[in-house]
Amino acid sequence: MFLLAAAICAADVSPDRLLAMHRSAIGTDRTGTLTARYAYSGQGLTGAVTVTTDQRTGMFVTDTIAGPSHSAMGYDGKTPWMADTSGYHSAQTGGDKRALAINEAYRRAELWARPDRGGAAIEALGCGKLQVTPRGGKPFEATFDPRTGLLSEVRERQSYGVSSTLRYADYRRRAGMMVATRIEMLTNDDPSSAETLRLSGLTLGAARAPARYAMPASNPADFSLPLSGRATLPFRLLNNHIVVDVRIDGKDPLPFLVDTGGHDILTPATIRTLGLRPIGATPSFGAGERANTSGYVRVARIDAGGAVLTDQTVITLDFSPPAVEGLTLGGMLGVEFFERFVVRIDYGAKTITFIDPHRFDARERASAGTGMPFDFFEHMPQVAGTIDGRPARFDIDTGSRSDVTFTRPFVEKAGLRAAYPDGVTITDGWGVGGPARSYVVRPRSLALGGVTVNGPIAGLSAAKAGSFADEGADGNIGSGLLKRFVVTFDYPHRRLYLQRLGRFDADTGRFDRTGMWINQQESGFEIMDLADNGPAAAAGLKKGDVVLAIGERDVASLSLSDARSMLKTVAVSRPLPISYRRDGKVSVAIVTPRDLIPD
């Protein structure tokens, strides 16, 4: 096998010759509308995929049914869009979505087979592999069989740091053209992510107007509010996470995290409690570099204090284990609630209000604070701003506990490590993908629209995978920064409003003064990470030690959230005894807190 591959590579051909072979292999110029139907299987699910493509321009609509999940995406030559499994449509103008849609349209229209290559820059990588950069798109790799000219593989870096591989096989002549009848899809080269499409039908019809590829209107009728048109409920701010009580199918209320960066989710513990049976096993990605596995269940009713969604397909995912949050979460209220309501989060009063979008009138908008537009980056609102004068695109993520985390591509492009030499490296977050480690600094100011925050805490990520390795966003703003405001999300009009609070929590803008990351353990708080040369490390504490008392406070009298807040606000330079257990022996370390990042 190796000798055959070596022989093929030795006879490698130029890009022009290779693409001429490809053009000859697939047939002459294509026009009209091509509709391809596939049987889908993968990740424990089966279903069907229908792809409709304009053969001249590559405009497309893809409709996917996989088990209980039904989603869609499309591109009309101007605006990419998507429909999530709840049926809500959103224009995808944030991040790299337009560039990825241009790439998809380029491939679907076979523009590389045209004499001008569709205006793309094409570079030979050897062995039939080309790097292709369409005009307005982003680079991807395409491999063609040097013997036949047929496309065999496409590799592309997609949103949120995900690597996508498509493999094309079993070419047959259908509807007068040569097409792959089997397509295999892989995410991050993970075999458990494998999905397969098998061609079940192919038809070629007359060309359609661009409007047929445009985003349909969203008119979901699966939600309700009280007659007043709004529902307000209290929340607890734990670890800078918004936690509210939610009823599923009329059962006892469970604590749910509110997250613009996520979907409606039920944890495995809730699935067991409700006696539901999830299906499917889909890789999920977020903060942290590891993938997690999710499935789907159907629920009849999700009730958040009178804001109700009915007949929903909900994701099942262990997105935040009890050790990380200090409590067992029932699930997550995510984008599906933000899509249907105007959502106001008052971090001062600790209340969240769901408002009928039709009643969010000019008077309401005027009183909501400073307004600014946002783009959708998948389900995340993305706002333009600056960090110390540098332009940046910020995802607004209430599910993040941090002030702001900058993605590795932006950190490298903007030279942020050199710009802020007085930082500290430590775990500063924990998401679906596990712990997230950053170099933490304090910029002078961060601006969103007409609103400026002075001296925020910023994590400079070095992640090679996960959402912080994504070049589609520059920074991720969390509740650590947002809790300085009353924040109003108007998804229907793509507007964000910020109204500054007169007073906010004592730990706002503070970083752990001992240099530790702690998680809940049965008998105390386990030290999961330490800042090199930080106060805790200097006092002799180590990873794996279990904290039993902080100063005069026994851990039994402290929640994990309170302990983390306490370590941000303890007095500087005043010795702090920390009782801990290591290898069954209890000892006391005298820690001298200090500000690890200067004000």
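Over segment 28-167, the reciprocal of the mean inverse Cα-Cα separation, the Kirkwood hydrodynamic radius, stands at 16.1 Å.
Sorting the segments 390-401, 112-123 by their residues' average number of neighbouring beta-carbon atoms within 10 angstrom, most packed first, yields 390-401, 112-123.
The amide H of PHE235, built 1.01 Å from its N in the peptide plane, has THR351, ILE352 as neighbours under 5 Å, considering only residues 5 or more places off or on other chains.
For segment 223-357, the ratio of Cα radius of gyration to the globular rule of thumb 2.2 N^0.38 Å stands at 1.01. Calculated over segment 459-525, the projected area of the Cα convex hull averaged across directions stands at 7.9 nm².
Taking a straight Cα-Cα cut-off under 23 Å and skipping sequence neighbours fewer than 8 places away in the same chain, the lysines within cross-link reach of LYS568 are LYS350, LYS483, LYS542, LYS543. Counting only lysines at least 8 places from LYS413 when in the same chain, those with an alpha carbon closer than 24 Å to its own are LYS97, LYS138, LYS464. Seen against the Cα atoms of the chain and their longest principal axis, helix 560-569 is set at about 70 degrees. Counting pairwise Cα distances across segment 516-591, what percent come out greater than 17 angstrom? Here the tail beyond 17 Å accounts for 36 percent of pairs. Where only DSSP H runs of four or more residues are counted, the chain gives -3500 deg cm²/dmol as its mean residue ellipticity at 222 nm, each run worth -39500 (n - 2.57). Compute for segment 302-415: radius of gyration divided by Kirkwood radius, i.e. Rg/Rh, restricted to C-alpha atoms, rounded to two decimals. In segment 302-415, Rg relative to Rh is 0.99.
A viscosity of 1.002 mPa s and a temperature of 20 °C, combined with the Kirkwood radius over C-alpha pairs in the Stokes-Einstein formula, give segment 206-282 a diffusion coefficient of 129 µm²/s. Above 44 Å, the calculated P(r) of the chain contains 24 percent of its Cα-Cα pairs. If you look at the Cα atoms of segment 368-500, you get an Rg and a Dmax of 13.8, 42 Å. For segment 221-249 versus segment 89-123, the spacing of their alpha-carbon centroids is 41 Å.
Expressed to the nearest 5 percent, the antiparallel share of DSSP beta bridges inside the chain is 95 percent.
Where a number appears in this text, it was derived from the coordinates with a stated rule and is not lab data. Please read these numbers as outputs of a predicted model, since none were measured by experiment. Backbone-built Cβ (ideal geometry, glycine too); neighbour counts: all protein chains shown.
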